[in-house]
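Remarks on the structure that follows.
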Amino acid sequence: MDFIYKTEMHCHTAGVSECASCTPERTVEEYLRYGYSSLVVTDHLNECTFSNPHIAGAGDRELAEYFLEGYRKTKKAAGEKLNILLGAEIRFPGEGGTDYLVYGLDESFYTENIGLYREDKYTAGEVIHKAGGLFFQAHPFRFNMKLCEDWLIDGVEVYNGHPTQFSHNEIAELWCAQFSKFLPISGSDHHDLEQCPDAGILTAEPISSEISLIGTLKSRKYRLLRNEGTRQRCMADIMLERGKNVPRD
């Protein structure tokens, strides 16, 4: 069986994720250039997401529309060239910088549950699982992260390809291996054009829907894509541009 289809599991778009600068249109161009067949848009879902003055005081329906905008624009830009799936990177009050990745749920879920970011991880995890989604801890060993209880999450992002964040991926993989139920995933954590996408999962068939993504993850019929050489090269280029020495992760 040849695992040749590439799916990005962690990607942000400008306009929704406040820390991203890559537009949906440029994002699609970049992922096609790197040979991906599918892309999960995981824009941030937290208090900062809705900090823009023009949506101040908006109701949950308007907040949901705002959150979904990056996904919708990416899907429109991709057309038939790239499968675009919906996900989220959610953060809860009192968790510091701890983030969680959500997969397998459609627009209606976020329209009805956009306020989950105001709750706690236990409430959110229950709602996500009841709706049929999967709940992962993102980059669990970055500084200021809090490890989640093993019974609450489905798996761990064992490889995060962000070139300027210290994710300590090797420790994340060791932690994931301690729990047989954990599903390991990999993602580029793409925000900007200077970050080349080269992480995700590899499958024998293209993943074309949220349902097929859930099925693939649960069946474990995938391999991790994690090109550390690409991450290191991007880090060196970024540090050179900023006039800094390349740090060690």
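Here are some residues: T13, T49, T27, T7. Which one is out of contact with any strand residue (DSSP E or B) (no Cβ under 9 Å at 6 or more places or on another chain) and surrounded by 20 or more Cβ atoms within 10 Å (Cβ to Cβ)?
Numbers: T13 fails: out of contact with any strand residue (DSSP E or B) (no Cβ under 9 Å at 6 or more places or on another chain); T27 fails: out of contact with any strand residue (DSSP E or B) (no Cβ under 9 Å at 6 or more places or on another chain); T7 fails: out of contact with any strand residue (DSSP E or B) (no Cβ under 9 Å at 6 or more places or on another chain).
Being out of contact with any strand residue (DSSP E or B) (no Cβ under 9 Å at 6 or more places or on another chain) and surrounded by 20 or more Cβ atoms within 10 Å (Cβ to Cβ) holds for just one of T13, T49, T27, T7, which is T49.
None of K146, K181 is open to solvent by 60 Å² or more (accessible area, probe 1.4 Å) and either over 17 Å from E89 (Cβ atoms) or in contact with a Phe, Trp or Tyr (Cβ under 8 Å, 6 or more places away or on another chain) (or both) except K181. Taken over the stretch 173-195, the residue count meeting the criterion of being farther than 20 Å from M235 by Cα and either in contact (Cβ under 8 Å) with a residue 12 or more places away in the chain or in a loop (DSSP other than H, G, I, E, B) (or both) is 11.
So which of I207, I201, I211 is exposed (fewer than 15 other Cβ atoms within 10 Å of the Cβ) and either closer than 25 Å to F135 by Cα or modelled with pLDDT under 85 (or both)?
Numbers: I207 fails: exposed (fewer than 15 other Cβ atoms within 10 Å of the Cβ); I201 fails: exposed (fewer than 15 other Cβ atoms within 10 Å of the Cβ).
When all the criteria are applied, what remains is I211.
Among residues of the stretch 114-126 that are modelled with pLDDT of 95 or more, those with a beta-carbon under 8 Å from a residue that is polar (S, T, N, Q) at least six positions away or on a different chain give the pairs L116/T123; Y117/N46; Y117/T49. Entry remark, the stretch 88-99: residues being at pLDDT 95 or above, surrounded by fewer than 22 Cβ atoms within 10 Å (Cβ to Cβ) and either of a type in the set (D, E) or more than 21 Å from D60 (Cα to Cα) (or both) number 1 in total. Within the stretch 4-50, the set of residues being part of a loop (DSSP other than H, G, I, E, B), over 19 Å from V102 (Cβ atoms) and in contact with a Ser or Thr (Cβ under 6 Å, 6 or more places away or on another chain) comprises just one member, A14. Pairing each residue of the stretch 155-172 that is β-branched (V, I, T) with any residue that is in a loop (DSSP other than H, G, I, E, B), provided the two are 6+ apart or on different chains, yields C-beta distances under 8 Å for V156/P140; V156/F182; I171/F141. Just one of the listed residues (N227, N245, N169) is over 27 Å from E25 (Cα atoms), polar (S, T, N, Q) and modelled with pLDDT under 95, and it is N245.
Table: residues versus (1) part of a helix (DSSP H, G or I); (2) in contact with a strand residue (DSSP E or B) (Cβ under 9 Å, 6 or more places away or on another chain); (3) open to solvent by 50 Å² or more (accessible area, probe 1.4 Å).
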site	(1), (2), (3)
H54	yes, no, yes
A64	yes, no, no
F67	yes, yes, no
K81	no, no, yes
L86	no, yes, no
L101	no, yes, no
N113	yes, no, no
Y117	yes, yes, no
V127	yes, no, no
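One residue is enough: does the stretch 201-219 have a residue meeting the conditions at positive phi and either of a type outside the set (K, R) or over 14 Å from the mean Cα position of the chain (by Cα) (or both)? No: zero hits.
The values are calculated or read from the model by the stated rules, or taken from the named source; none is laboratory data. Every value quoted in this text rests on a predicted model; they were computed, and no experiment measured them. Quick reminder, even Gly has a Cβ in these numbers, built from the backbone with ideal geometry, and neighbours come from all protein chains shown. Note: areas computed on protein heavy atoms with side chains; ligands, DNA, RNA excluded. Shrake-Rupley method; radii C 1.70, N 1.55, O 1.52, S 1.80 Å.
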